[in-house]
Amino acid sequence: QVQLVESGGGLVQPGGSLRLSCAASRIFFVISTMGWYRQAPGKERELVAGITTSGRTNYGDSVKGRFTISRDNAKNTVYLQMNSLKPEDTAVYYCHSNPPNGRDYWGQGTQVTVSS
């Protein structure tokens, strides 16, 4: 069973920073593209950032220059460093995995709220 467990969400003021972590199942992690998505109430789930097995990254336009995705294969963990947070970044953030079995796996999500 593939497990994705997010942590690190919380309440932060505009301009602040948070670091999200996603701990993944060892059996699939090193061969899987990993990513972060987010979904705000009433809005479609959108890509925040992705990282391939080789370390190539991509970002949604709204977070470029502010967020950084990284992975530590030894720890089976993917991170999302979020800087210069804005109220519009408020959403539930979901860890995502694409292993070679062709399925999409999702974590339960972690709430990020940016408010003064």
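The values are calculated or read from the model by the stated rules, or taken from the named source; none is laboratory data. Remember, predicted model here, so these are calculated numbers, not experimental data. Note: ideal-geometry Cβ built from the backbone for every residue, glycine included; neighbour counts use all protein chains shown. These accessible areas exclude ligands, DNA and RNA; they are computed on the full protein's heavy atoms, side chains included. Shrake-Rupley method; radii C 1.70, N 1.55, O 1.52, S 1.80 Å.
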**Message:** Taking the conditions exactly as written (of a type in the set (D, E, K, R), modelled with pLDDT of 95 or more and not in a loop (DSSP other than H, G, I, E, B)), does Glu88 satisfy them or not?
**Reply:** yes
**Prompt:** Checking Asn58 against (1) assigned to a strand (DSSP E or B); (2) under 17 Å from Ala91 (Cα atoms), which single condition isn't satisfied?
**Reply:** (2)
**Asked** Does segment 70-116 hold any residues that are within 20 Å of Thr52 (Cβ to Cβ) and either without any contact (Cβ under 8 Å) to a residue 12 or more places away in the chain or out of contact with any strand residue (DSSP E or B) (no Cβ under 6 Å at 6 or more places or on another chain) (or both), and which are they?
**Response** Asp72, Asn73, Ala74, Lys75, Pro99, Pro100, Asn101, Gly102, Arg103, Asp104
**Request:** May I ask you to list the residues in segment 5-23 that are touching a Phe, Trp or Tyr at 6+ places or on another chain (Cβ under 8 Å) and open to solvent by less than 60 Å² (accessible area, probe 1.4 Å)?
**Result:** Glu6, Gly9, Leu20, Ser21, Cys22
**Fill in**
Every listed condition ((1) farther than 18 Å from Val114 by Cα; (2) crowded, with 16+ Cβ neighbours inside 10 Å; (3) among the basic types (Lys, Arg)) holds for Arg26 save (2)
